[in-house]
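Q: The structure's right below; bear with me while I get my questions together.
The values are calculated or read from the model by the stated rules, or taken from the named source; none is laboratory data. Nothing here was measured: the structure is a model prediction, and the numbers come from that model. Backbone-built Cβ (ideal geometry, glycine too); neighbour counts: all protein chains shown.
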Amino acid sequence: MKEVFILSTGDIIRGKMAGTQRVLKIAKSLAAGNIRVYLCSLLNINNDLINAIELFPGIYSLESTDRSDNNSENLTIFLRAVNKFRKDNNSDKVIYLYPTTWVLNDFIYLLYFKVIKGYKFYCDINEVRSTNVFSTTPPAGFFSKIVFFLRSARDLISYKLSELQIPFYDGIVVISTNLEKYYSKFAKKIVRVPILCDMPEIKTGNSPFLSDSGAFKICFAGTISCSKEGFDILFEALRIVNKEKETEVYLYGPVHDNDSEVLKKLTEINNLKERVFYMGNVDPDQLIDEFRKYHLLILPRPLIPQTKYGFSTKLSEYLISGIPVLVTDVSDNALYIKDTINGYIVKPGSSEAMADKILKIIENYNDNSPLIAQNAWNTASRELDYHLFTQKFAKFFFGE
């Protein structure tokens, strides 16, 4: 029996963040190849008595049997408990790290399991974390800003130092071609696994019919970070569009740091007070049904270092929703989206170009959207279904 232990400080089991969904898709891909997967989150283990709870066939969550006495995380107990569970059988095992902003913990995992215990140690990388620093909106107030920039400088140093770990991993899995180029000089082995989707459980739907009386409804899902996601450009574009066509935008996901105030200002500046709706951070399993309430799904990211190396995991969910997708030409989007064939793509950073594209989409929506949505679904099935990567993972981890 071959086993992969996926480790993380964050919630990779029941969380609503994109990282949780990526880990689960990777776990399902491994399990499809008869590789047993254990999800090990620091949040779920705080004593030595742990159980393996089956979440899906071949996928287990390691969790403490009784967390009532002490709910705090303890890194020493976590390491000891996971290692003890690993030693209970003689299967071929590897460690697969899903890193977090707690970079010191990630270093300790590497030191303990690879250097001290001698296990093969791999890492999933979906961004250059140092590019995130200074990208969020600073808080109001002079002293708050000083604290913000000091913390950001500290984070930049820690993220840069964490990149020195790359040569010590037995291999890394990256999400985009730019990350593959960036780390190829340092990694022992490297493989690109893009955004994955779960095709067997989801069927394509029909795009909503656009009537003359109703508003054209656009949906965004993901972490609501104004600078990273390009909401300034999007809102400017919507101001232009609304001069000709009634258009609304619906936002799903957690609001990043101080971006609530930025969203309010962007809404006011662009006269969109009754056109922008925040829908909350819903459960990922409900998102597909939510998507089908709208006419267009959008990823308006600008071209900045964050978006150059990252790759929005929401795109795979968009593609299988049955609703047309509009993205900007950043990262690997153009590898999968062909304009007016299986989606729409526009150059980043231009509100005029985005507005023009949205108006053209609206004009031809009823004629084009069903075929475009079906082609998008076919693209996901052909290139992003997690089953397609099962053998690639097995060869990468176990040499098969």
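Q: Pick from 367, 356: which is assigned to a helix (DSSP H, G or I), out of contact with any strand residue (DSSP E or B) (no Cβ under 9 Å at 6 or more places or on another chain) and charged (D, E, K, R)?
A: After ruling out the rest, the residue left standing is 367.
Q: Tally time: how many residues in the stretch 370-400 are in contact with a strand residue (DSSP E or B) (Cβ under 8 Å, 6 or more places away or on another chain) and small (Gly, Ala, Ser)?
A: Number of matching residues: 3.
Q: Which residues, taken from the stretch 219-232, are aliphatic (A, V, I, L, M) and crowded, with 24+ Cβ neighbours inside 10 Å? Write out each step before concluding.
A: Within the stretch 219-232, the first condition is being aliphatic (A, V, I, L, M), and the residues that meet it are 221, 224.
Selection gives 221 alone.
Q: Considering only the stretch 241-262, state which residues are crowded, with 19+ Cβ neighbours inside 10 Å and either of a type in the set (A, V, I, L, M, F, W, C) or modelled with pLDDT under 90 (or both).
A: 241, 249, 251, 256, 259, 262
Q: Also, quick follow-up: Only one of these conditions is not met by residue 390: (1) in contact with a Ser or Thr (Cβ under 8 Å, 6 or more places away or on another chain); (2) closer than 25 Å to residue 313 by Cβ; (3) at pLDDT below 95. Which number is it?
A: The failed condition is (3).
Q: In the stretch 334-343, how many are buried (at least 22 other Cβ atoms within 10 Å of the Cβ) and not in a loop (DSSP other than H, G, I, E, B)?
A: Within the stretch 334-343, residues that are buried (at least 22 other Cβ atoms within 10 Å of the Cβ) and not in a loop (DSSP other than H, G, I, E, B) number 2.
Q: If you don't mind, another one. Is there a residue in the stretch 236-258 that is closer than 23 Å to residue 361 by Cβ and of a type in the set (S, T, N, Q)?
A: Scanning the stretch 236-258, I find at least one residue that is closer than 23 Å to residue 361 by Cβ and of a type in the set (S, T, N, Q), so the answer is yes.
Q: Moving on. Can you pull out the residues in the stretch 315-330 that are within 19 Å of residue 176 (Cα to Cα) and in a loop (DSSP other than H, G, I, E, B)?
A: 329, 330
Q: Residues of the stretch 263-296 being of a type in the set (D, E, K, R) and either loosely packed, with under 15 Cβ neighbours inside 10 Å or over 26 Å from residue 321 (Cβ atoms) (or both), which ones?
A: Listed by number, the residues that qualify are 264, 265, 268, 273, 274, 283, 285, 289, 293.
Q: Write out, first by first residue and then by second, each pair whose Cβ atoms fall under 6 Å of each other, whose residues are 6+ apart or on separate chains, and whose first residue, in the stretch 151-171, is hydroxyl-bearing (Ser, Thr, Tyr) while the second is in a helix (DSSP H, G or I).
A: 158/103; 159/129; 159/130; 162/103
Q: Another question, then. Where residues in the stretch 119-168 are surrounded by fewer than 16 Cβ atoms within 10 Å (Cβ to Cβ) and charged (D, E, K, R), which of them is nearest to residue 393 (Cα to Cα)?
A: Filtering the stretch 119-168 for residues that are surrounded by fewer than 16 Cβ atoms within 10 Å (Cβ to Cβ) and charged (D, E, K, R), the one nearest to residue 393 (Cα to Cα) comes out as 160.
Q: So which residues in the stretch 5-33 are surrounded by fewer than 24 Cβ atoms within 10 Å (Cβ to Cβ), part of a loop (DSSP other than H, G, I, E, B), touching a strand residue (DSSP E or B) at 6+ places or on another chain (Cβ under 7 Å) and among the aliphatic types (A, V, I, L, M), if there are any at all?
A: If the condition is that a residue be surrounded by fewer than 24 Cβ atoms within 10 Å (Cβ to Cβ), part of a loop (DSSP other than H, G, I, E, B), touching a strand residue (DSSP E or B) at 6+ places or on another chain (Cβ under 7 Å) and among the aliphatic types (A, V, I, L, M), then 13 is the only one that fits.
Q: Picking from 116, 108, 53, 59, which residue would you name as being among the β-branched types (Val, Ile, Thr) and either assigned by TED's automatic domain parsing to the domain that holds residue 256 or surrounded by 17 or more Cβ atoms within 10 Å (Cβ to Cβ) (or both)? Steps first, answer last, please.
A: Details: 116 fails: either assigned by TED's automatic domain parsing to the domain that holds residue 256 or surrounded by 17 or more Cβ atoms within 10 Å (Cβ to Cβ) (or both); 108 fails: either assigned by TED's automatic domain parsing to the domain that holds residue 256 or surrounded by 17 or more Cβ atoms within 10 Å (Cβ to Cβ) (or both); 53 fails: either assigned by TED's automatic domain parsing to the domain that holds residue 256 or surrounded by 17 or more Cβ atoms within 10 Å (Cβ to Cβ) (or both).
When all the criteria are applied, what remains is 59.
Q: Let me ask you something else. Select, from 49, 97, 62, the only residue that is among the hydrophobic types (A, V, I, L, M, F, W, C) and more than 29 Å from residue 191 (Cα to Cα).
A: Of 49, 97, 62, the one residue that is among the hydrophobic types (A, V, I, L, M, F, W, C) and more than 29 Å from residue 191 (Cα to Cα) is 49.
Q: Then there's this: Among the candidates 274, 244, which residue alone is farther than 22 Å from residue 353 by Cα and in a loop (DSSP other than H, G, I, E, B)? Steps first, answer last, please.
A: Values: 244 fails: farther than 22 Å from residue 353 by Cα.
Sole residue among the options that is farther than 22 Å from residue 353 by Cα and in a loop (DSSP other than H, G, I, E, B): 274.
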